[in-house]
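Chemist: One structure is given below, represented as structure tokens, and several questions about it will come after.
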Amino acid sequence: MRVEKTTVIDGSREEIWELISDPCRYPRFMDGVTRVERKGDGPERGLGARYSTHMRVGSAEVGGLVEIVEYDEPADLAWTSVTGIDQRLRWRLRETDDARTRVTLRLAYEAPGGLLGSISEQISKPMVGGNLEKSLQNLRAEIEGGPDEVSERMSIPGRVAYQVGSVKVLIDAGVVRPMRPDRLLKFVQTLVRWGRSPAAGSIALADRFPDEMMIVDELGTVAFSEAHTRTNALAHSLSDLGVVEGDGVGIMCRNHRGFIEATFAVSKLGANSLYLNTAFAGPQLAEVVEREGPKVIIHDEEFAGLLAEAGKRRKRVVAWHDSARTDDPTIDELIAEGDPEDVVPPAREGRAVILTSGTTGSPKGASRANPQSLDPAVALLATIPLKARQTAYIAAPLFHSWGFAHFTLGLMLGSTYVLRRKFDPEQCLADIARYHCDSLVVVPVMMQRIMELPEEVRARYDTSSLKVVAASGSALPGDLANDWMDAFGDTLYNLYGSTEVAWASIATPADMRAAPGTAGKPPRGTVVKLYDERGVEVPTGTTGRIFVGNEMLFEGYTGGGTKDVIGSLMATGDVGRFDESGRLFVDGRDDEMIVSGGENVFPKEVEDLLARHEAIAEAAALGVEDRDFGQRLRAFVVLDRGKEASEDQLKDYVKKNLARYKVPREIVFLDELPRNATGKVLKRELEQLDVEESKTASK
């Protein structure tokens, strides 16, 4: 395979040649090259010179020996591999009419033959092209001035080695398997025509597994081919309603076939899907819809009232309904009226807009294009042992980034999705047993609700089919991870990330057994660094702001703005620390830290301790103003069923385990903590709570 990129630099060929003719200087501008050393007794520079190269591949270092095989000063230079990755690199410098220099950088390498080679090329080509462009940008910055930034990402040769490893991950997961030549050709044609959109997944899976089940929900089952033809018809009907490429379509659905069918249909039109949170209030919905401007809103009937203001002057379609008749057309009616023939591929791929949780302010739209390689899926599959054609129970809301990630991952794996509109802990166990689910996708509060079931109730259901329980969306409180694994086995994988950065780290069962409370380690292809307020990286064991680099960083908020960025890394908004084994611990939000009497206090530490108390089911803490100390902690707790604890007893418990300045000045007892649809505690509502009234009510 060969990839070539070109740029024009405002500098002479001689200036540029001075940099590229000495590979020992490549770490200054080549993407991810960490070290290059001259080797052997040959010439120090020029034809025949040999160099040992060292590149970052994920968290590991790889290398190889290369030899300069072309050296025409100041115009052409090429090397080829002697050992290591089979690759050839070429530089070409040409003068332009305006006294600048056109620089061409080409990388050619040998992929394995057959199916393995085809898949390897599909995976690596877009990313290699991006790395070549980044290297040329860095080179231009070296010559023209400006930010002296070398990308945190891996090197070009390193990317090739990385992608070979990626193909192995896909083979182990059963994604890459022997395929008839005609089917392989059709699969590649689908990728070319539809990119890596949900539409591509719908089409490819309908061809590979036409009669097998794709969706199981409260209405029954939907086969892969049925989902494809139904969403063709829905796409044509949405087109008749005026939806065209680049338009936005709001989707406000619970977990059922309507969510998936709407997503496929919108994707087939090249439109953008705006996923609306089913727990938003009317004013929040009106604000989001006014800002994002979707042309059509597809919603469940139960949300019609909430959308009364937001849906004014917009076309609306009902996805799930219990009434015999609805004011707006239903998805099924549009499908019945639409043409089931294939949709003409759009000129552009639609985008997914996932809304932030809005726990600390107004929800923002986080826009993200479809991934341009399979790296994001490989990053998860390399750590979480999901396999092709398994049955996945997605309990986490599909509109949330965690549920949506498993929906899109399932399009690669050919998963069968088991969905329920509303989460019920016992019904969840019953469905796992009935459909022999291989994986369960949850947010932590769902795990808590299952663990609150009496042990004899949990024992009624055979959940031994579960190979993976994938949790994310908020921190695992207290000893929940170990308690869960004691009850259901060591199949728990906890992902830490955010809507903006996708993921930062994954904790495996071994991580959580060895270091309770850890968020795990960065997965394959992800870089995590911790910086202080001056942007200086902090040492191991020291708390710093968490910054992440991976392919899935969002493109910015749809209303403008983005997260803080240092180099190619983006802030999560949290602070944390690494232990000596490279495991990440998240201490809390960087804007939640309080200073009480001159001491830094993170509420999460107190929350976790309180959650471990035998009488407490769940806890939250936040900072409030204090006349004497500047700020103080206030804690909110929910007692476990049938158990008791007083405020003084809980304060003494904290005092025995943490420093005195971390003891909450007040502990408020509640019947439940306010949460959003993904289980995150709404601390803004706790801030507005009348504490004295709550104390009285709890007595």
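The values are calculated or read from the model by the stated rules, or taken from the named source; none is laboratory data. All of these numbers come straight from a predicted model, not from anything done at the bench. Glycine gets a Cβ as well: all are built from the backbone with ideal geometry, and neighbour counts include every protein chain shown.
Chemist: Does region 345-353 contain at least one residue that is assigned by TED's automatic domain parsing to the domain that holds Asn232, surrounded by 15 or more Cβ atoms within 10 Å (Cβ to Cβ) and without any contact (Cβ under 8 Å) to a residue 40 or more places away in the chain?
Modeler: no
Chemist: Output the number of residues of region 596-644 satisfying the condition of being under 27 Å from the mean Cα position of the chain (by Cα) and hydroxyl-bearing (Ser, Thr, Tyr).
Modeler: Adding up the residues that qualify gives 0.
Chemist: Moving to a separate point now. How many residues are over 20 Å from Ala388 (Cβ atoms) and in contact (Cβ under 8 Å) with a residue 24 or more places away in the chain if we restrict to region 408-427?
Modeler: 6
Chemist: Also: Would region 326-339 turn up any residue that is of a type outside the set (Gly, Ala, Ser), touching a residue at least 40 places away in the same chain (Cβ under 8 Å) and surrounded by fewer than 16 Cβ atoms within 10 Å (Cβ to Cβ)? If you could, list the steps in order and put the result at the bottom.
Modeler: Initially, region 326-339 is screened for residues of a type outside the set (Gly, Ala, Ser), giving 326-335, 337, 339.
Those still in the list that are touching a residue at least 40 places away in the same chain (Cβ under 8 Å) too: 331, 334-335, 337, 339.
Restricting the remaining residues to those that are surrounded by fewer than 16 Cβ atoms within 10 Å (Cβ to Cβ) gives 337, 339.
Within region 326-339 (the criterion being of a type outside the set (Gly, Ala, Ser), touching a residue at least 40 places away in the same chain (Cβ under 8 Å) and surrounded by fewer than 16 Cβ atoms within 10 Å (Cβ to Cβ)), the answer is yes, since at least one residue qualifies.
Chemist: Still on this structure, please answer the following. Taking Thr463 as the residue in question, decide whether it is crowded, with 16+ Cβ neighbours inside 10 Å, touching a residue at least 24 places away in the same chain (Cβ under 8 Å) and farther than 17 Å from Tyr393 by Cβ.
Modeler: When the stated conditions are applied, Thr463 does not pass them.
Chemist: Follow-up question, since we're still on this one. Has region 18-35 got at least one residue that is in contact with a Pro (Cβ under 9 Å, 6 or more places away or on another chain), over 23 Å from Gly567 (Cβ atoms), buried (at least 16 other Cβ atoms within 10 Å of the Cβ) and in contact (Cβ under 8 Å) with a residue 12 or more places away in the chain?
Modeler: Checking region 18-35: at least one residue is in contact with a Pro (Cβ under 9 Å, 6 or more places away or on another chain), over 23 Å from Gly567 (Cβ atoms), buried (at least 16 other Cβ atoms within 10 Å of the Cβ) and in contact (Cβ under 8 Å) with a residue 12 or more places away in the chain.
Chemist: Would you mind telling me which numbered condition in (1) touching a residue at least 24 places away in the same chain (Cβ under 8 Å); (2) more than 29 Å from Leu480 (Cβ to Cβ); (3) not acidic (Asp, Glu) Ala571 fails?
Modeler: It is condition (2) that Ala571 fails.
Chemist: Which of the residues belonging to region 229-250 are part of a helix (DSSP H, G or I) and out of contact with any Leu (no Cβ under 8 Å at 6 or more places or on another chain)?
Modeler: Matches in region 229-250: Thr229, Arg230, Thr231, Asn232, His236, Asp240.
Chemist: With (1) outside any loop (DSSP other than H, G, I, E, B); (2) touching a residue at least 40 places away in the same chain (Cβ under 8 Å) as the list, and Ala430 as the residue in question, which single condition is left unmet?
Modeler: Checking Ala430 against (1) outside any loop (DSSP other than H, G, I, E, B); (2) touching a residue at least 40 places away in the same chain (Cβ under 8 Å), the one that fails is (2).
Chemist: Continuing with this model, one more query. Could we say that Val595 is among the β-branched types (Val, Ile, Thr), over 19 Å from Glu672 (Cβ atoms), without any contact (Cβ under 8 Å) to a residue 60 or more places away in the chain and part of a strand (DSSP E or B) here?
Modeler: When the stated conditions are applied, Val595 passes them.
Chemist: If only one of Gly497, Gly478 is under 28 Å from Met593 (Cα atoms) and touching an Asp or Glu at 6+ places or on another chain (Cβ under 6 Å), which one is it?
Modeler: Gly478
Chemist: Considering (1) in contact with a strand residue (DSSP E or B) (Cβ under 7 Å, 6 or more places away or on another chain); (2) crowded, with 21+ Cβ neighbours inside 10 Å; (3) modelled with pLDDT under 90; (4) part of a helix (DSSP H, G or I), say which one Gln163 fails and leave the rest.
Modeler: Status for Gln163: all satisfied but (1).
Results for (1) over 14 Å from the mean Cα position of the chain (by Cα); (2) of a type in the set (Asp, Glu); (3) on the phi < 0 side of the Ramachandran plot, shown as yes or no for each residue.
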{"site": "Leu386", "(1), (2), (3)": "yes, no, yes"}
{"site": "Ala395", "(1), (2), (3)": "yes, no, yes"}
{"site": "Leu409", "(1), (2), (3)": "no, no, yes"}
{"site": "Val418", "(1), (2), (3)": "yes, no, yes"}
{"site": "Glu426", "(1), (2), (3)": "yes, yes, yes"}
{"site": "Ala430", "(1), (2), (3)": "yes, no, yes"}
{"site": "Met446", "(1), (2), (3)": "yes, no, yes"}
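Chemist: Could you check region 543-595 and list, in sequence order, the residues that are of a type in the set (S, T, N, Q) and within 18 Å of the chain's Cα centre (by Cα)? Let's see the steps before the verdict.
Modeler: Quick first cut of region 543-595, residues of a type in the set (S, T, N, Q) only: 543, 550, 558, 562, 568, 572, 581.
Asn550, Thr558, Thr562, Ser568, Thr572, listed by residue number.
Chemist: Among the candidates Asp211, Asp182, which residue alone is surrounded by fewer than 16 Cβ atoms within 10 Å (Cβ to Cβ) and either closer than 20 Å to Val318 by Cα or modelled with pLDDT under 95 (or both)?
Modeler: Result: Asp182 is the single residue among Asp211, Asp182 that is surrounded by fewer than 16 Cβ atoms within 10 Å (Cβ to Cβ) and either closer than 20 Å to Val318 by Cα or modelled with pLDDT under 95 (or both).
Chemist: Let me ask something else about it. Give all pairs with beta carbons closer than 7 Å in which a residue from region 97-113 that is at pLDDT 80 or above and in a strand (DSSP E or B) meets a residue that is polar (S, T, N, Q) and surrounded by 22 or more Cβ atoms within 10 Å (Cβ to Cβ); count only pairs at least 6 apart in sequence or on separate chains.
Modeler: Going by the 7 Å Cβ cut-off, the qualifying pairs are Leu105/Ser135.
Chemist: Can you name the residue in region 79-91 that is surrounded by 18 or more Cβ atoms within 10 Å (Cβ to Cβ), assigned to a strand (DSSP E or B) and of a type outside the set (Phe, Trp, Tyr) and, of all such residues, is modelled with the lowest pLDDT?
Modeler: Across region 79-91, the extreme among qualifying residues is Gln87.
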